[in-house]
Amino acid sequence: MLGFIRNAFKALYLKRLVKHGLVVGSDFQMEKGCNIDANFPWLIEIGNNVTLASNVCLLAHDGSTKKLVGYSKVGKVSVGDNVFIGYGSIVMPNVRIGDGCVVGANSVVTRSLPNGVVAAGSPAKVLMTVEEFEERTKKVTKSGGGVYGSEFLRASITYDRMQQMREELDGGMGLIL
């Protein structure tokens, strides 16, 4: 029931933002607690196949200058296609995140990112290409971690699978659908 209410609220929230100018592509996924600047939604564009993990914030304005000079800064925010923005990240005004990027958890993106990079930190810095990230991820399973299907997700996991996963991930990382 809570999931239904959360999804209904999210749909209304997005509908309101789109009505006020937010541009959103297809296959957009926004997890709980995300904040898309409701004061300037017309300055934000989100591409196709984009995921915002929980508690991501997209800001098109910055009020830090308001008390100093009487004005807030505003700038466009553009998120390209096939982008993942990790938990708790903040994207500041006047930033473009290129196609195919991955932004690590709790990053603060203050400068634009080119296509196909992984960036993280505060402020976010480019760490590697997505191709390098993919190769490193493939090595995870070779270092002792398992690969897990949907039977290991909360909705269908059994006690035995919980134990199996705990043992297999002791000291290593795994991958799940």
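Read the figures in this text as sums done on the coordinates, not as results from a lab. Worth saying up front: this structure is predicted, and the values here are computed from it rather than measured. Because the Cβ atoms are built from the backbone with ideal geometry, glycine has one as well, and the counts that use them run over all protein chains shown.
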Between L175 and D160, the two model label points (7 Å from Cα along the beta-carbon direction) sit apart by a distance in nm of 2.6 nm
For Cα extents along the principal axes in Å, with candidates [x] 69, 48, 25; [y] 43, 39, 34; [z] 60, 40, 30, the value calculated from the shown model is option [z]
Farthest towards the positive end of the dipole of the chain, among V91, Y159, G3 and with Cβ unit charges of +1 on Lys and Arg and -1 on Asp and Glu, lies the Cα of V91
Summing -39500 (n - 2.57) over every DSSP H run of at least 4 in the chain, dividing by its residue total and rounding to the nearest 500, the 222 nm mean residue ellipticity is -7500 deg cm²/dmol
Zone reached by a paramagnetic label modelled 7 Å from S64 Cα along Cα→Cβ, restricted to the range 108-130 with backbone N below 17 Å, covers 108-112, 121-125
per DSSP, antiparallel bridges as share of beta bridges in the chain, % nearest 5, sits at 20 percent
For the chain, the dipole about the Cα centre with charges only on Cβ (Lys and Arg +1, Asp and Glu -1), to the nearest 20 debye, works out at 800 debye
Extension length gain for E45 and N115 (0.36 nm per residue less Cα distance), in nm, is 23.6 nm
